[in-house]
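To start, the structure itself, in structure tokens.
The values are calculated or read from the model by the stated rules, or taken from the named source; none is laboratory data. For clarity, every value in this text was computed on a predicted model and none was experimentally measured. For neighbour counting, all protein chains shown are included, and Cβ atoms are generated from backbone atoms with ideal geometry for every residue, glycine included.
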Amino acid sequence: MPKIFEANKKAFITGNEAVAWAALAAGAEIMFGYPITPQNEVMHYWTRLAPEYGKGFLQTEDELSAGFTVCGAVQSGKKAFTATAGPGNVLMQEPFGMAEAMRLPLFAVIQQRGGPSSGTVVYSQQEVTLTTFGGNGEGHRIVYSTATHQEIFDYTIKGFNAAWKYRFPTFLLGDGYQAKMREPLEMYNPEERGIEMVKTYPLVGLEGKIGEDREPQHLCNIYSLEEELYEVVMKFAAEHEAISPELVEYEEKECEDAEIIILSHGVVSRAADDAVKILRAQGIKAGYFRPITLRPFPQKQLREAINRRPARKLLIAESAYGQLDRLTKQEIYGETVAIENLFMPGVGIIDYDIINKVKSIL
Amino acid sequence: MGMIAPAIPKSWYLPSKPHKFCPGCGHGIVLKALGETIDELGIQDQVVFGCDIGCSLLSWNFFACDSTQTHHGRTTPVMVGIKRSRPELITIGYMGDGGGYSIGSQHLLNSAVRNEKVTLILVNNTNYGMTGGQMAPTTLPGQKTETSPFGRDVDLTGYPTRGPEFIAELTPDSAYVARATVSKYKQLRRFLRNALRNQMEGNGFSFVEVLSTCPTNWRTNAQQTWHFLEEEMEQYFPIGEIKTPFGKGDK
């Protein structure tokens, strides 16, 4: 694979631009996309980089088509991706479901915007449920929730690898703030960091003469019998559960003696991190826990963090009305820690929102 | 003297035969013509065959060609995704009138406008067969279906979609657009050959609608079935090459 960067490259760019560069560094070969704010600049940067690096791009007629063209491209063995948001993410649940059913290595970047419906074009964390458990299936997906531009770069590379290694559809869950703001990061060629890119391979359009060298491929996502589908879904579930321990990622700070643990994900975790520092300086024993993978969820690690002191309270802070809260409760069912919440659907959360909430409940 | 075995295309996948289409259904004829055309052009190893949901779904393992099955209406974008990624492959999308003209119409229309180098075959039997015979975009005026039990009322539901005609309007001269019928087998073969040649030569979008039969949902006997196909359907849906880069169209 050709080197994209001569040396490690320090940059001060938007998150959408970081996605495009990271996809290039990860060896992505073609992007399919449809305009929707706040992900547009992923396409804008990709279309400017594509000719120079011999990459493909197609602006499709809608998000259904963008998702299904990615499904076709990865079936033919090419590293393909898309990016979307909000109502586009809703439409893409159909192709994402097919990717789940056919175990296609689809990679998509979701830059969350406000909802329901057209909502706002700005920001939210309201696409957690949709991205983790959307579709008429069981959520056999991999979802990384990033908090910084460095993570956007790192996890785009990691996301392509997870998709092609495990063959579950994989998502980078960002948001409008991360998409549009600029911040510094270091870009690199994955190989120079010891990251081996997983080799791609086709499911259709294989080498060799049919009937002599090989059998024809017949891929499907529909079954005649209940029992056939049952076998397939149970196998997916077992595989998804088996790989979960090696996939889960999280960040934990100051939970050893924490009376209250603040649980957040994505960009809100930056406010939580600041809030914990300020609360600690004021003598309040606050801790910080952040799932990086929302699917699979670091439930074992969160249970351990809660039970270390044990914490009396868990404060779930999110820019949604309880999507992380529901996800967490189902994952840590049985824990007796009191769960409080700070739900601010579709608006940003700053350190003082969290600090004030903590003081009101301690 | 023993029975003479029917000639079976080399590109058919024998473990899936006999096929599962209803007796009297036209799909078998279309797929036989397609199989013979794949054999004739020697492209079995380059073809990626994609099928839709609906009766066309039953073709998912019909050919000894790499095949993939998609969602209702979504075969077109999957074929486009494959072709855009691997132009050396020959992509054949296979769908019904509901999948192509209704739920997947935006994909059909836009892939035609973009002159995508794919070949799409749409089987028109004037109804949704697999789901039990509902009204389709192609249901004829006055035709009874499960959702137009008193006959299609054009004041309420409009006139049948003439697909090849509208696709011809959307495409440049390098596209191939035709309507065939299962009642004219040699012509069907020729149209399919041209539609595949057009993709192989890298010219542009290739589309063949094939008029077909559905005695199960039409509730017709053999004679009535053939009458409906040859008289009523052909009257509304004229047969012929509407746009071809290969010289004069065959009307």
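Per-residue answers, yes or no, for (1) surrounded by fewer than 24 Cβ atoms within 10 Å (Cβ to Cβ); (2) of a type in the set (Asp, Glu); (3) modelled with pLDDT of 95 or more:
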{"site": "A:150", "(1), (2), (3)": "yes, no, yes"}
{"site": "A:154", "(1), (2), (3)": "yes, yes, yes"}
{"site": "A:161", "(1), (2), (3)": "yes, no, yes"}
{"site": "A:166", "(1), (2), (3)": "yes, no, yes"}
{"site": "A:169", "(1), (2), (3)": "no, no, yes"}
{"site": "A:177", "(1), (2), (3)": "yes, no, yes"}
{"site": "A:182", "(1), (2), (3)": "yes, no, yes"}
{"site": "A:187", "(1), (2), (3)": "yes, no, yes"}
{"site": "A:190", "(1), (2), (3)": "yes, no, yes"}
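Got a sec? Which of B:39, B:45 is more than 10 Å from chain A (Cβ to nearest Cβ), without any contact (Cβ under 8 Å) to a residue 40 or more places away in the chain and touching a Lys or Arg at 6+ places or on another chain (Cβ under 8 Å)? Write out each step before concluding.
Numbers: B:45 fails: more than 10 Å from chain A (Cβ to nearest Cβ).
Testing whether each residue is more than 10 Å from chain A (Cβ to nearest Cβ), without any contact (Cβ under 8 Å) to a residue 40 or more places away in the chain and touching a Lys or Arg at 6+ places or on another chain (Cβ under 8 Å) leaves just B:39.
Among the residues of the stretch A:24-59, how many are more than 19 Å from residue A:176 (Cβ to Cβ), of a type in the set (Gly, Ala, Ser) and under 20 Å from the mean Cα position of the chain (by Cα)? Give the derivation first.
Looking only at the stretch A:24-59, we keep the residues that are more than 19 Å from residue A:176 (Cβ to Cβ), and these are A:24-32, A:47-59.
From the residues that got through so far, the ones that are of a type in the set (Gly, Ala, Ser) too are A:25-28, A:50, A:54, A:56.
Restricting the remaining residues to those that are under 20 Å from the mean Cα position of the chain (by Cα) gives A:25-28.
The qualifying residues number 4.
More than 13 Å from chain A (Cβ to nearest Cβ), farther than 23 Å from residue B:194 by Cβ, of a type in the set (Lys, Arg) and surrounded by fewer than 22 Cβ atoms within 10 Å (Cβ to Cβ): does that describe residue B:32?
Details: more than 13 Å from chain A (Cβ to nearest Cβ): yes; farther than 23 Å from residue B:194 by Cβ: no; of a type in the set (Lys, Arg): yes; surrounded by fewer than 22 Cβ atoms within 10 Å (Cβ to Cβ): yes.
When the stated conditions are applied, residue B:32 does not pass them.
So that you can scan it fast, the table gives a plain yes or no per residue for (1) assigned by TED's automatic domain parsing to the domain that holds residue A:172; (2) within 29 Å of residue A:159 (Cα to Cα); (3) of a type in the set (Phe, Trp, Tyr):
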| site | (1), (2), (3) |
| --- | --- |
| A:296 | no, yes, no |
| A:312 | no, no, no |
| A:321 | no, yes, yes |
| A:342 | no, no, no |
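Quick test of your reading of the structure: residue A:135 fulfils all but one of (1) outside the structural domain of residue A:80 (by TED's automatic domain parsing); (2) within 30 Å of residue B:49 (Cβ to Cβ); (3) touching a helix residue (DSSP H, G or I) at 6+ places or on another chain (Cβ under 6 Å). Name the failing condition by number.
Just one mismatch for residue A:135, condition (1).
Could you name every one of the strands (runs of 3 or more DSSP E) located completely within the stretch A:240-354 that has at least 3 residues being of a type outside the set (Val, Ile, Thr) and farther than 21 Å from residue A:111 by Cβ?
Numbers: elements: A:250-253, A:260-263, A:286-291, A:293-295, A:313-318, A:338-343.
Counting at least 3 such residues, we get A:250-253, A:286-291, A:313-318, A:338-343.
Which residues, counting only those in the stretch A:126-171, are aliphatic (A, V, I, L, M) and over 20 Å from residue A:347 (Cα atoms)? Even if it seems obvious, please write down each step before you answer.
Step one: filter the stretch A:126-171 for residues aliphatic (A, V, I, L, M), giving A:128, A:130, A:142-143, A:147, A:152, A:157, A:162-163.
Of everything in the stretch A:126-171, those that are aliphatic (A, V, I, L, M) and over 20 Å from residue A:347 (Cα atoms) turn out to be A:142, A:143, A:152, A:157, A:162, A:163.
Can you tell which of B:61, B:115 is surrounded by fewer than 24 Cβ atoms within 10 Å (Cβ to Cβ) and at the interface with another protein chain (Cβ under 8 Å from one of its Cβ atoms)? Write out each step before concluding.
Details: B:115 fails: at the interface with another protein chain (Cβ under 8 Å from one of its Cβ atoms).
The unique qualifying residue is B:61.
Only one of A:111, A:59 is away from chain B (no Cβ under 12 Å) and more than 30 Å from residue A:229 (Cβ to Cβ). Can you tell me which?
Working: A:59 fails: away from chain B (no Cβ under 12 Å).
Just one listed residue meets the conditions, A:111.
Output the residues belonging to the stretch A:3-19 that are within 15 Å of residue A:43 (Cα to Cα), of a type in the set (Gly, Ala, Ser) and out of contact with any Phe, Trp or Tyr (no Cβ under 7 Å at 6 or more places or on another chain).
A:15
When only residues in the stretch A:203-231 that are of a type in the set (Gly, Ala, Ser) and within 7 Å of chain B (Cβ to nearest Cβ) count, which is surrounded by the fewest Cβ atoms within 10 Å (Cβ to Cβ)? Walk me through how you get there before you give the answer.
Of the stretch A:203-231, the ones of a type in the set (Gly, Ala, Ser) are A:205, A:208, A:211, A:224.
Imposing the further condition that a residue be within 7 Å of chain B (Cβ to nearest Cβ) reduces the set to A:205, A:211.
Numbers: A:205: 22, A:211: 14.
Here the residue is A:211.
Scan the stretch B:6-16 residue by residue and report those that are assigned to a loop (DSSP other than H, G, I, E, B) and over 20 Å from residue B:188 (Cβ atoms). Can you show your working first?
To start, the set of residues in the stretch B:6-16 that are assigned to a loop (DSSP other than H, G, I, E, B) comprises B:6-11, B:13.
Correct list: B:13 only.
May I ask you to list pairs of residues, at least six apart or on different chains, whose Cβ atoms are under 7 Å apart, with the first in the stretch B:111-122 being modelled with pLDDT of 95 or more and the second being in a loop (DSSP other than H, G, I, E, B) and β-branched (Val, Ile, Thr)?
B:111/B:118; B:112/B:171; B:115/B:171
Are any of the residues in the stretch B:83-93 within 29 Å of residue B:140 (Cα to Cα) and either touching a residue at least 40 places away in the same chain (Cβ under 8 Å) or more than 7 Å from chain A (Cβ to nearest Cβ) (or both)? Lay out the reasoning, then the answer.
Start the filter on the stretch B:83-93 by keeping residues that are within 29 Å of residue B:140 (Cα to Cα), which leaves B:92-93.
Now restrict to residues that are either touching a residue at least 40 places away in the same chain (Cβ under 8 Å) or more than 7 Å from chain A (Cβ to nearest Cβ) (or both): B:92-93.
Within the stretch B:83-93, one or more residues are within 29 Å of residue B:140 (Cα to Cα) and either touching a residue at least 40 places away in the same chain (Cβ under 8 Å) or more than 7 Å from chain A (Cβ to nearest Cβ) (or both).
Quick check, is residue A:72 within 28 Å of residue B:70 (Cα to Cα) and within 12 Å of chain B (Cβ to nearest Cβ)?
Numbers: within 28 Å of residue B:70 (Cα to Cα): yes; within 12 Å of chain B (Cβ to nearest Cβ): yes.
When the stated conditions are applied, residue A:72 passes them.
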